[in-house]
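The values are calculated or read from the model by the stated rules, or taken from the named source; none is laboratory data. Owing to the predicted nature of the structure, the values given are computational and were not obtained by experimental measurement. Cβ atoms come from the backbone with ideal geometry, glycine included; neighbour counts cover every protein chain shown. What goes into the accessible areas is simple: the full protein's heavy atoms, side chains included, and nothing from ligands, DNA or RNA. Shrake-Rupley method; radii C 1.70, N 1.55, O 1.52, S 1.80 Å.
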Amino acid sequence: DPRAPRPRRLMRGVNLEAAFAAITAHWSPVVIADLNGQQVKAVKFLGDFHWHQHTHEDEMFLVHRGEFRMEFRDRSVTLRAGEFVVVPRGTEHRPVAEAEVEVLLFEPATTVRVGD
């Protein structure tokens with residue numbers, strides 16, 4: 001029953017500087033929040049990720065620090081701190097970072113990191 005009370009989660013602020021400082025591996029997202037079946041993940045990119053797509057989920061990439069290029073088969077979009085892109089479901093893409101970049105991902109909890 002959606003009206004049934006849910007257990008309360010501990011409410012706390014999230015310090016992005018601390019979240020990113022704790023990440024030691026590139027391309028390994030860390031869940032920093034859950035809401036309404038969605039997850040907010042902190043991740044560091046460096047280099048090229050592989051081409052992939054997500055059949056059932058959209059993804060949002062928000063740059064916290066640095067810049068990266070989101071490549072699509074027909075074009076690319078360069079994103080800098082404070083900018084974001086939404087990749088619609090079924091769209092083949094790959095992030096490319098020439099230097100380390102800190103990114104927040106917003107996606108459904110069911111999203112498989114490596115795509116379909």
Exercise for review: May I ask you to list pairs of residues, at least six apart or on different chains, whose Cβ atoms are under 8 Å apart, with the first in region 24-37 being closer than 14 Å to ASP48 by Cα and the second being assigned to a loop (DSSP other than H, G, I, E, B)?
Suggested key: TRP27/PHE49
Practice item. State yes or no: is ALA33 open to solvent by 70 Å² or more (accessible area, probe 1.4 Å) and either under 23 Å from VAL112 (Cα atoms) or at pLDDT 95 or above (or both)? Key: no
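Could you list all residues from region 58-75 that are loosely packed, with under 13 Cβ neighbours inside 10 Å and either over 17 Å from ASP48 (Cβ atoms) or touching a residue at least 12 places away in the same chain (Cβ under 8 Å) (or both)?
Within region 58-75, the first condition is being loosely packed, with under 13 Cβ neighbours inside 10 Å, and the residues that meet it are 73-75.
Answer for region 58-75, where residues must be loosely packed, with under 13 Cβ neighbours inside 10 Å and either over 17 Å from ASP48 (Cβ atoms) or touching a residue at least 12 places away in the same chain (Cβ under 8 Å) (or both): ARG73, ASP74.
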Revision key, fill the gap. Flagged in region 97-109 as touching a Gly at 6+ places or on another chain (Cβ under 8 Å) and surrounded by fewer than 17 Cβ atoms within 10 Å (Cβ to Cβ), in numbering order, are ALA99, GLU100, PRO108, ALA109
Review point. Does PHE84 meet the test of being among the aromatic types (Phe, Trp, Tyr), open to solvent by 70 Å² or more (accessible area, probe 1.4 Å) and closer than 19 Å to ALA19 by Cβ?
Key: yes
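Per-residue answers, yes or no, for (1) within 16 Å of SER28 (Cα to Cα); (2) β-branched (Val, Ile, Thr); (3) out of contact with any helix residue (DSSP H, G or I) (no Cβ under 9 Å at 6 or more places or on another chain):
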| residue | (1), (2), (3) |
| --- | --- |
| PHE49 | yes, no, yes |
| MET70 | no, no, yes |
| VAL85 | no, yes, yes |
| PRO95 | yes, no, yes |
Point to revise | Candidate set from region 1-30 (those that are within 27 Å of ALA81 (Cβ to Cβ) and charged (D, E, K, R)); member that is modelled with the lowest pLDDT | key: ARG12
Practice item. Filter region 42-54 for residues that are at negative phi and open to solvent by less than 70 Å² (accessible area, probe 1.4 Å) and give the result. Key: ALA42, VAL43, LYS44, PHE45, PHE49, HIS52, GLN53, HIS54
